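Please read the structure below before turning to the comments.
The values are calculated or read from the model by the stated rules, or taken from the named source; none is laboratory data. Source: prediction; values computed, not measured. FYI the Cβ positions are ideal-geometry reconstructions off the backbone, even for glycines, and counts take in every protein chain you see. Ligands, DNA and RNA are excluded from the accessible area calculation, which covers all protein heavy atoms including side chains. Shrake-Rupley method; radii C 1.70, N 1.55, O 1.52, S 1.80 Å.
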Amino acid sequence: MATLSSYTSSPPRILHRQQSKPILFPPDSTPSIRQLYTKPISVSRRSRGAINATAAASDTSGNSNASSPAKKLREIMQSPGVLQGPCCFDALSAKLVERAGFPYCLTTGFSISAARIGLPDKGLISYGEMVDQGQQITQAVSIPVIGDGGNGFGNAMNVKRTVKGYIRAGFAGIIINDQVSSGGERGVVSREEAVMRVKAAVDARRECGSDIVIVAQTGSREVMSLEESFSRARAFTDAGADVLSVDSLVSREEMKSFCNVYPLVPKLANMLETGGKIPMLNPLEIEEIGYKLVAYPLSLIGVSIRAMQDALLAIKGGRIPPPGSMPSLEEIEEILGYDTYREEEKRYATSSSSDRGSSSRSVYGNQRIVQDDSEQRVDPVVEVMIPEVVSNESRNPFSRIWSRSLRIKIIGRDGIEKLDVRIPAGFLEGVTNIVPGNSKSSSLFCLFSFCLGDNDRAWGLFVALGGVNLKQLMDDAADEVGGKLLLDFKDTAGDRIQVFLE
């Protein structure tokens, strides 16, 4: 697949559009992009040059492509400014790109290979898997998608098959590069063979009566020379490419020189967020140099990996991810279109289907009500009551630890001790009975609230350790001689919290 390079250091300025009501299943025939996006995401100081004259034309068969994905992409390419395109890897990430207001997006073989088969982008993922993943992506959104076609999966005939498959999958554009065909090996094919790939892509487009945008990409700058990459870019344009891209340019001067190669032909910059060779420029600077499109290949897959690692680390430590690190169930359902689904489902409801669905809906509704109640309990008020000491151990097995103490110690991330307090271990026995819900794990909240004097902080610690039964831990350690460490963890602020039984 294509090697993507460069990086952006400054946050892009985005012109947001008003978000319309989502469509559960985006139809093939949709309004033009000018109707959907009156203000496409564009970082612009001025209008850029015109697009290739063939860009807005109908295909050679005489069919009108007014509603095709490629037509939408060509239209937004006529808008002023550089157009930002995050790279998605599945249907959900594509939905999020569209919801964020971007007028188009791209795919990368790197991210799809990682998400679909969990393997490196070294020629291991197949043509069929890429097409299948691409179709799921394009069907999930109404914005145009540019697909990574890599080296076309072989020779010129394979390129034709790849382009036709991407057209059927609903892609608005396809990236074809000049890398060698053997399993992701570094290097590029000869200029003649690279040009033949582009010609094969153009022929496949014509044979399908399509207007798919062909993005020709070369990696010859790194393995050959700057002059060779420019020569290939010119040859790709002469062969019929609509957009040009050169990887691994190392300076603003090289980027500017590339944009001066057939300046009316749009250029694509690949902003590799880490480890790239192109200077780290913001979108305004990229536009000033002369680029029309800019891709961000690693942002979505990268933050997804990190978020999952953090969540798994929390779960492995007996905690749940902090509330602020994940959306609520309602937000997830809204993103996936549950409300839209239910509205559409009502149009086809019958009396028998309503009866069959009533039980499942009522169960689901009850779950939602319970959750809503818990979410409303933001700042619980607990009256701390110290129960009387009793000597009758047969009354409650837990009472045998009244002779022990709980020590709560908090050390800040700067190493300074913030708290070191001891309370009777049996304190939790009576307090649990007055906690809403009478949950054993709620004794954790009581403990933190009593020691910290801060319900908000106590509730945050309680949620972070949700499911930990402190009473059970104390009961198990009650007969042990000496002290025992029951809990040892760090909260979201970086403070170390320790609970000892002494």
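Of the residues making up segment 232-286, those that are under 22 Å from Gly149 (Cα atoms) and not acidic (Asp, Glu) number 24.
The set of residues from segment 279-298 being part of a loop (DSSP other than H, G, I, E, B), of a type in the set (A, V, I, L, M, F, W, C) and either more than 20 Å from Gly219 (Cβ to Cβ) or open to solvent by less than 10 Å² (accessible area, probe 1.4 Å) (or both) comprises just one member, Leu281.
Candidates are the residues of segment 111-136 that are outside any helix (DSSP H, G or I) and of a type outside the set (Val, Ile, Thr); the one that is surrounded by the fewest Cβ atoms within 10 Å (Cβ to Cβ) is Gly118. When the test is whether a residue is at pLDDT 90 or above, part of a loop (DSSP other than H, G, I, E, B) and under 25 Å from Leu96 (Cα atoms), Pro327 passes it.
Residues in segment 300-315 that are under 10 Å from Ser111 (Cβ atoms) and either among the small types (Gly, Ala, Ser) or over 11 Å from the mean Cα position of the chain (by Cα) (or both): Gly302, Ser304. Tell me, please, whether a residue that is in contact with a strand residue (DSSP E or B) (Cβ under 8 Å, 6 or more places away or on another chain) and open to solvent by 10 Å² or more (accessible area, probe 1.4 Å) can be found in segment 249-257. Scanning segment 249-257, I find no residue that is in contact with a strand residue (DSSP E or B) (Cβ under 8 Å, 6 or more places away or on another chain) and open to solvent by 10 Å² or more (accessible area, probe 1.4 Å), so the answer is no.
Only residues that are of a type outside the set (A, V, I, L, M, F, W, C) and either open to solvent by less than 10 Å² (accessible area, probe 1.4 Å) or modelled with pLDDT under 95 (or both) were counted across segment 152-176, and they come to 7.
Being under 28 Å from Asp90 (Cβ atoms) and part of a strand (DSSP E or B) is a property that Ala314 lacks. Residue count for segment 303-320 under the criterion of being surrounded by 15 or more Cβ atoms within 10 Å (Cβ to Cβ), over 17 Å from Ile497 (Cα atoms) and not hydrophobic (A, V, I, L, M, F, W, C): the result is 1.
Exactly one residue out of Gly209, Gly187 is in contact with an Asp or Glu (Cβ under 6 Å, 6 or more places away or on another chain) and farther than 17 Å from Thr107 by Cβ: that is Gly209. Every residue in segment 484-502 that is free of Cβ contacts under 8 Å to residues at least 40 places away in the same chain and assigned to a loop (DSSP other than H, G, I, E, B), please. Matches in segment 484-502: Asp491 only.
If you go through segment 470-502 and pick out every residue that is among the acidic types (Asp, Glu), surrounded by fewer than 17 Cβ atoms within 10 Å (Cβ to Cβ) and touching a strand residue (DSSP E or B) at 6+ places or on another chain (Cβ under 6 Å), you end up with 2.
If the condition is being crowded, with 16+ Cβ neighbours inside 10 Å and charged (D, E, K, R), then segment 217-244 contributes Arg221, Glu222, Arg232, Asp242. Could you go through segment 95-107 and let me know if any residue there is surrounded by fewer than 19 Cβ atoms within 10 Å (Cβ to Cβ), small (Gly, Ala, Ser) and at pLDDT 95 or above. Yes, segment 95-107 contains at least one residue that is surrounded by fewer than 19 Cβ atoms within 10 Å (Cβ to Cβ), small (Gly, Ala, Ser) and at pLDDT 95 or above.
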